[in-house]
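The structure appears right after this line, and notes come after that.
Every read-out reported here was derived from the displayed coordinates using simple, explicitly stated rules and does not represent laboratory data. For clarity, every value in this text was computed on a predicted model and none was experimentally measured. Here the Cβ positions follow ideal geometry from the backbone for every residue, glycine too, while neighbour counts run over all protein chains shown.
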Amino acid sequence: MDPTEIVAGFRRDKSDLLPMLHALQDSHPQNYLTSESLKAAAGHLNVNLSWVYGVAGYYSMFSLEPRGRYIIRICNSPVCSLMGSGTMIETLESILGIDQGETTPDGLFTIEESECLGICEVAPAMMINREVYGNLNPERIAEIVDDIRNRQKQKQ
Amino acid sequence: MNAKETMVTITIDEKTIQAPSGANLLEVARTNGFAVPGLCYHRKLTPTGACRLCLVKIEGMRGLVTSCTVKVTEGMKVTAFDDEIENTRRLLLNYLLYEHNDTYDGTYPDEMRELIIRYGLDKPENRYFPSVWQTLPFEKDDTSPVLTYDPAKCIKCFRCIKACDEVQGKNVLSFTERGIKSFIIAGTGVWGESECDGCGECIQLCPTGAIVEKPYRDVIELDKLERTVITTCPYCGVGCQIELLVQDGKIVRSNGVEGVSPNDGRLCVKGRFGYEFVHSHDRLTKPLIKRNGRFEEASWDEALNLIAGRFTAIREKYGSDALAGYASAKCTNEDNYLFQKFIRTVFGTNNIDYCTRLCHASTVTAMLKAIGDGAGSNPIEDFETVDCLFVTGNNIIDTHPITATYVKRGAAKGQKIIVVDPRWTPLVRYATVWLQPKLGTDVALLNGLCHIIIKNGWVNRKFIEERVEGGIEAFSQLEELVSSYTPDEVASITGVPEEKLELAAELYATSSTSMIATGMGLSQQVTGTHNVFCLINMMLITGQVGRERCGINPPRGQNNVQGATDVGCSPANYPGYIPVLNDENRRKVAGIWGVPYDSLSARPGLTTVEIMQAAYDGRIKAMYIMGENPMISDPNLNHTEEALKKMEFVVVQDIFHTETTPFADVILPASSWAEKEGTFVNSDRRVLRVRKAVECPGEAREDWKIIHELAKRMGKPMPGYRNEAEIFDELAKVTPIMGGISFERLEKGSIQWPCPSPGHPGTPTLYLENFNTQTGRGKLFPVEYSPQNEKVDGEYPLMLNSGRLLYHYHTATMTRRTKALRDFVDEAFVLMHPNDAARQMITEGSKVRLESRRGVIETVARISEEVLEGEVFMPWHFTESQVNRLTRDELDPYSKIAPFKLSAVRVTRI
Amino acid sequence: MISENRIILKNAGHINPASIDDYIAAGGYGALAKAIREKPEMVVEEIADSGLRGRGGAGFPTGIKKKAAAGATTAGIKYVVCNADEGEPGTFKDREIMENDPHLLVEGMVIAAYGIGAGKGFIYVRGEYYRSIEMLQKAINQAKEKNFLGNEILGSRFSFDLEIMPGAGSYLCGEELTLLESLEGKRGYPRIKPPFPAEKGLWGEPTLVNNVETLASLPSIISHGAGWYRSRGTEKTPGTKIFTISGDVKKPGCYETDAGVKLRDLIDDLAGGTADGKPWKAVLLGGAAGTFVPHGWSDATMCYDELRERGATLGSGAVIVVGSRRKLIPFIQNILKFFRHESCGKCVPCRIGTSYLHAQSLLLDKAGAEERKAILNDMLDNSRQMAKSSLCPLGQSPILPVESLHRHFMETVAVE
């Protein structure tokens, strides 16, 4: 959907900026906020661009750079780190062939180190887009990644 | 200090102090000699509490508290300095040195550096932490034409963001990222592509070298300055106080002067960066005489003798009234006062006028007739504190940027703003209601508003009875006339919807204080004077005048356009607005000037455009033009050109070659505002000092000295003034409204006229007791609407409106010789509505030709919905597309102004 | 042997959280119906009398906040804001409530709003809690249909509108004043206090800001009365508390018991004891902004004041168990990395202090024993200074884990 169409669905209330940015980001296949999106948001709320850029730059969930279709948020906060998130991150990096913060060349996965996701009872844990995966180990991670890869292939 | 404020007693480090209740604790401490450090706090901004350096202990409050966020209360016991607090402050500075690049290049004032030295941290052995700023992912932003942002020097104090938001109302800046990686962005992160307009408030308030001016940064060394001079800005009529920094005989920086009216440290891009032209290589440095069609350098003797001879000969052959003079809105009062004295005593005529005729002539004419004074009735601060501001034909944000900062602050506090403008301007974003009438329909609009006000009973009967000439009877005549201007009728004439008319009328009439700001939109029309009469009618019947924070204000466009008329550069008035026809005054002035009474002409002279028309008709044979560029600023330029060519002898006195100098017989090199002492008068009647910062280049001379010398050589010498202060003293004797002002008094600050005697404090608001008319009352002038003579038709289907831009100044002789300003904008254009453009197959950037019944020009098109369909807009600054080739010189019968705002044109793609 | 006392979590796992009928059948919205028949002041009194303390982490008496907000006047409207930005590491109780019994939160908010006279409410849910947002939105829609929300609730003259607003990944936005900034569409910078939200909160209006668990406690207090609430827990921390136990235990999860139970009972009786059966090395109580306690403190009483007196924290109720084989150095490094990442950057001591502390903790790896002690001393000094001079609770937090580590585990860290 066109950014101007998306922002038109929101009130002209600054309180709506975060939900607006989420909607704009989620509507983009590369899960990021384009400058067009940010300009649309600024225009709709009648604020200057730096306000919107500044907000997008503050919050961890927003990205100003293109990312993959699947954002892997691997928790690396105290409980998960205690329970072995370091190994999980290494596993992911190894399976996907990219470093933390990068996107796979096929545009499918981005690995992002995340702060506490509030699912500590199943640490080490991660989220991929909206799905939660807990009690991770290297085998499970491999399974999950494969699963997603297969689902993508079926879509095509 | 307000007598109604309650004082409280507090102690700081056991010293007892009196302070106003609720005052800021940090301010109170500092005022009382406690040098509590702080970097994020600034008097002009809301407190932030980010740097934590101002921490103190307050009895009854836990731990350390930032004094900048505390308001004093009775009995407060504060510890500002003890070992623990000082150690904490030292640690905080140490923390800052972890992330801050503390190398210093001497080009900016560095508050942080002062603190570093004060706390002994300039010695590396005293530092606690390593310096890691090099490892942080920062990049300098060098993309702005006027400043550089260095995040490695940024201490994230929020001052620049707040300066931009709270002081200037522009909201351009924000932080991005988070934590130690945060840095400032303008717009999307490329400063040069953002909405930043270069006002530099952020530069001035930045406590480190994070934001620094670009111009002359490679040259300036703050400890090598020769002098700093406080003077008045040479651009618009706000009259900002600026501090010029001079190094090696050149101006290298301009700062706003904090804490003084009218600007309290604020500047716009022109005031902050527009000084470069002073040192341009284009400056005229030698007199030039035209021989055989070419200009040749000459000595002053040669030039002045030639001029004296020719002027004298022409006067003797054709009579005094065959001579005329254009004074200068850019020159000082002293220059202008001597100029009008010269025209009156040496030429012997009242043919003196200047570009004010092209500008606020209608406003001033109407105001003089109706309320008796031709200047703004309110001080600039009222723009922030009035309840309702009625702005008509005035693009305040671009043309009077500092006045606009007051308006924006008022808007943030809930001020109601009514904007009347056929074209979108940035002020519309703040408008409570925007009326967009078709060009030339203002009388109908304003009569319509009066109609609504009267119908709803929103008139102030008491005011009408007590302060309007003719009382209720005169009012009834107005009521009768506007009775046919029903909302329905007015909506159809102007195109403004009825609901908007009703809302505007209600807001203006029923707000407890309403103030008018009126600009070129109303004035520069054939019905200009009538337009302003209607505005004044509305003001008088609602009683929104004669009290504080009420009145009518024409923001003046040039640094001394107000002053030049005040000191007599007018064909109809002597200094102080006393009519030429006033016998008694002429007698008095003749006495002061030491000339025979009957040598002073009793015949009012010709106005600016009339002078050119008379030259065209052969009635004016010679002109003395000082600091004016009629070949850009006069209407109907083809006609003006002919007029100049026809005259027998023309002298142009200026600082640069202009579009007018080719038509001169002699060109005299004169002084810029930075090269002489003197005074200006700004829009709110403040007499402001102008101080000399640098020497005239080459053989250029102060304007008043040239005039003085010329008078001598024409056999009518003036007294030997030793300096400008003496000129002012004589001026004060002749000009009753400035009678009590002198250079000595002005050392203590500006004074608003009327100030008739040395003990008088000056007058912030006019008309509190009386209007300045014969009866002391205001006059109503009911007038009917009549459509313009200039009509669109099949051949010329669009109406051309003209106006200004923020970055350029009038004929751009100064601004286009300043790199910083050219970097922002340097191109002419015409703004067209998409539908009009589409009809001609014109797209963004197309080259186009504009033609009117008077002339032809070419420029580039820009497409925008900021203009109404059927109307186009052009800025008039640019010589490559001279808008006034297209305008006409049909004049307003009273003010003699030309209708720059209305010319029928056609636009075709080239 | 202790067992759970599931008051707040009564319905969780037993009803269909997507069904308002299930909730009503279990007694839901009865408290609201009761409250709305009484005067608002009575509701506030009841809550104040119950001694309920804010469950977000600060433990501030809720009654004081409510009275302040109720007493505030405005020409505009008052707000109730639910702080569902659960970001404290090791804390997941609010998620449990929102996913499994969202109506409980809705009901609690309406009761709170009625008490203070608020017209509009927001639930600020952290952006990553997609399921919570989904469940809450369903609950709000259902509640509106049945007139538990909206105009003239249950036939009274009280109207209240509720909306969900998502966060977007910022721990600091769980601090109440920063949350309000975020709700106003801005970067998450904390405000200066005073003024407090009850006086000037959202958009400058009087605002009550409360944690999910706090608001979810209100229906049972209204239903059963302050006395009933006071009959469990301790004198100063009455009622029940949801503890989130994670780390090296057999059964990590949410456990609700009376406040005042002993730490070892939580770990052994409820969470099944340590994963490897050996005595735990340390427990981090309260999250990253929490304190380490040694095994010798197994008998610590889990309530706000008694823990504080001993130099520990109850905080959000997070109980992170560090097993015998775990190393503390990487753990403290990770905690300090968390603070560095979440610091907003507004105030000097926190912006730089959090970076410095993290950098110092990294030096522990290669340092010898004596050097490690010196580093810990330096870290303690710095975190003390940060606590003294920072603008908001984030900068005032690193001292908690650092000081407790220094106090109880200096030798352990030195030789690790």
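Data table
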{"read-out": "Derived scalar couplings ³J(HN,Hα) [segment C:83-92; Karplus, 6.51 cos²θ - 1.76 cosθ + 1.60; whole Hz; x for Gly, Pro]", "value": "7, 10, 8, 4, x, 5, x, x, 10, 8"}
{"read-out": "Sorted by Cβ density within 10 Å, fewest first, the residues B:Lys901, C:Lys34, B:Lys416", "value": "C:Lys34, B:Lys416, B:Lys901"}
{"read-out": "Rg in Å to one decimal, and Dmax rounded to a whole Å, for segment C:1-126 via C-alpha atoms", "value": "15.3, 54"}
{"read-out": "Diffusion coefficient, µm² s⁻¹, Stokes-Einstein with Kirkwood Rh over alpha-carbon pairs of segment B:640-731 at 4 °C and 1.567 mPa s", "value": "85 µm²/s"}
{"read-out": "Relative exposure of B:Cys331, B:Cys40, A:Cys80, judged by other C-beta atoms within 10 Å (fewest first)", "value": "B:Cys40, A:Cys80, B:Cys331"}
{"read-out": "Hull volume in cubic angstrom per residue (convex hull over the Cα atoms of segment B:7-81)", "value": "80 Å³"}
{"read-out": "Percent of Cα pairs exceeding the 24 Å cut-off, where the set is segment C:296-416", "value": "28 percent"}
{"read-out": "MRE, 222 nm, helices only [DSSP H, n ≥ 4, -39500 (n - 2.57), over the protein assembly as shown, to nearest 500]", "value": "-10000 deg cm²/dmol"}
{"read-out": "0 to 90° range, to nearest 10: angle between helix A:49-58 axis and chain A longest Cα axis", "value": "20 degrees"}
{"read-out": "Rounded to 5, percent antiparallel among DSSP beta bridges of segment C:45-149", "value": "10 percent"}
{"read-out": "Radius of gyration and maximum dimension Dmax of chain B, Cα, Å", "value": "28.9, 91"}
{"read-out": "Rg/Rg_ref, segment B:757-910, where Rg_ref = 2.2 N^0.38 Å and atoms are Cα", "value": "1.38"}
{"read-out": "Amide hydrogen neighbours beyond the local backbone of B:Thr887, cut-off 5 Å, H modeled", "value": "B:Asn636, B:Leu637"}
{"read-out": "Under 16 Å from the Cα of C:Lys65 - lysines, other chains or at least 8 residues apart", "value": "C:Lys78, C:Lys193, C:Lys200"}
{"read-out": "HN-Hα J in Hz across segment B:173-183 - Karplus 6.51, -1.76, 1.60, θ = phi - 60°, x for Gly and Pro", "value": "9, 7, 7, 9, 6, 9, x, 6, 8, 5, 7"}
{"read-out": "Coordinate range along principal axes, alpha carbons of chain C, Å, largest first", "value": "72, 47, 36"}
{"read-out": "Radius 12 Å from Cβ of C:Pro194, net charge of other residues (Lys, Arg +1; Asp, Glu -1)", "value": "+3"}
{"read-out": "The protein assembly as shown: antiparallel DSSP beta bridges as a percent of all, rounded to 5", "value": "55 percent"}
{"read-out": "Relative contact order (percent, whole number), chain B, Cα cutoff 8 Å, 6+ residue spacing", "value": "13 percent"}
{"read-out": "Amide proton proximity set for B:Thr232, modelled H, under 5 Å, gap of 5+", "value": "B:Ile242, B:Arg691"}
{"read-out": "Expected-Rg normalisation [2.2 N^0.38 Å, Cα atoms] applied to the protein assembly as shown", "value": "1.06"}
{"read-out": "In Hz, Karplus ³J(HN,Hα) per residue of segment B:148-158 (6.51, -1.76, 1.60; θ = phi - 60°; x = Gly, Pro)", "value": "10, 10, 10, x, 5, 9, 6, 9, 6, 8, 6"}
{"read-out": "Whole-Å distance, taken between Cα centres, linking segment B:681-740 and segment A:1-42", "value": "61 Å"}
{"read-out": "Trypsin sites (Lys or Arg not before Pro) lying in DSSP loop within segment B:831-891, provided at most 14 other Cβ fall within 10 Å", "value": "B:Arg853"}
{"read-out": "Within-12-Å neighbourhood charge of C:Ile335 [Cβ basis; K, R +1; D, E -1]", "value": "-1"}
{"read-out": "Bridge type composition, segment B:7-81 - antiparallel percent by DSSP, nearest 5", "value": "85 percent"}
{"read-out": "Overall Cα dimensions of segment A:1-97 - principal axes, largest extent first, Å", "value": "46, 25, 20"}
{"read-out": "Unit charges on C-beta of K, R, D, E only; dipole of segment B:373-553, Debye", "value": "560 debye"}
{"read-out": "When each of B:Lys286/B:Lys705; B:Lys170/C:Lys186; C:Lys93/C:Lys241; B:Lys214/B:Lys408 is checked by Cα-Cα distance, pairs over 19 Å", "value": "B:Lys214/B:Lys408"}
{"read-out": "Sequence-distant residues sharing a close amide H with C:Ala318 (under 5 Å, placed H)", "value": "C:Thr244, C:Gly286, C:Gly287"}
{"read-out": "B:Tyr809, B:Tyr354, B:Tyr785, B:Tyr318 arranged by Cβ crowding within 10 Å, fewest neighbours leading", "value": "B:Tyr318, B:Tyr785, B:Tyr809, B:Tyr354"}
{"read-out": "Dipole magnitude of segment A:70-155, debye to nearest 20 (Cβ charges: Lys/Arg +1, Asp/Glu -1, about Cα centre)", "value": "360 debye"}
{"read-out": "Diffusion constant of segment A:66-128 at 10 °C, which comes from Stokes-Einstein with the Kirkwood Cα-pair radius and 1.306 mPa s, µm²/s", "value": "138 µm²/s"}
{"read-out": "Point-charge dipole on Cβ atoms (K/R +1, D/E -1) for the protein assembly as shown, about Cα centre, debye to 20", "value": "1360 debye"}
{"read-out": "Signed unit charges on C-beta, dipole axis of chain B, positive-most listed residue B:Leu205, B:Thr775, B:Asn638", "value": "B:Thr775"}
{"read-out": "Filtered trypsin sites (Lys or Arg not before Pro), segment B:158-229: DSSP coil and at most 16 other beta carbons within 10 Å", "value": "B:Arg217"}
{"read-out": "Segment B:64-197: C-alpha pair distances exceeding 19 Å, %", "value": "61 percent"}
{"read-out": "Segment A:47-126-segment B:867-910 distance, computed between alpha-carbon centres (Å)", "value": "60 Å"}
{"read-out": "Positive-pole candidate from B:Gly271, C:Gly204, B:Val860, dipole of the protein assembly as shown, charges at beta carbon", "value": "B:Gly271"}
